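First comes the structure, then the notes that go with it.
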Amino acid sequence: MTLAITGSYAAALTALYLLLSLRVIAVRRSQRINLGDGNDPDMLRRMRAHGNFAEYVPLGLLLLLIAEQQGTAALWLHLTGLLLLAGRLAHGLNFTYALKSMLLRTGGMALTFASLIIGAILALPL
């Protein structure tokens, strides 16, 4: 088994994680914030986008990996992976670019939760 589907989503999510990381670094440098958020609202938003991503993605990828190892149909794996990727993209970019869109924020979380729920069901040993 190659685990190509999980690997593809892990690579795409890594690219997004790096983008969010670079957005934090950019404010750290421009505002000379060494530690914490420096009471800068932009920095706090970017840090939370990055942190929130880091809190949800590992579990989502783990569930996807378990489901793929169990031989789950590719359609379900792609649905789960796409929901996770779209959810993290919407939520992360809304925060880091200060778009102030409740639709992107709540929609991103809804897609992320849907991915985790589906992934948990698919990961169950049947």
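Candidates in region 1-15 are the residues that are in a helix (DSSP H, G or I) and polar (S, T, N, Q); of these, the one that is surrounded by the fewest Cβ atoms within 10 Å (Cβ to Cβ) is Thr14. Annotation: of all residues in region 16-73 being under 14 Å from the mean Cα position of the chain (by Cα) and polar (S, T, N, Q), the one that is surrounded by the fewest Cβ atoms within 10 Å (Cβ to Cβ) is Ser21.
Would you call Leu75 under 21 Å from Ser8 (Cβ atoms), modelled with pLDDT of 95 or more and not charged (D, E, K, R)?
yes
The values are calculated or read from the model by the stated rules, or taken from the named source; none is laboratory data. Because the structure is a prediction, the values reported are computed rather than measured. Cβ atoms come from the backbone with ideal geometry, glycine included; neighbour counts cover every protein chain shown.
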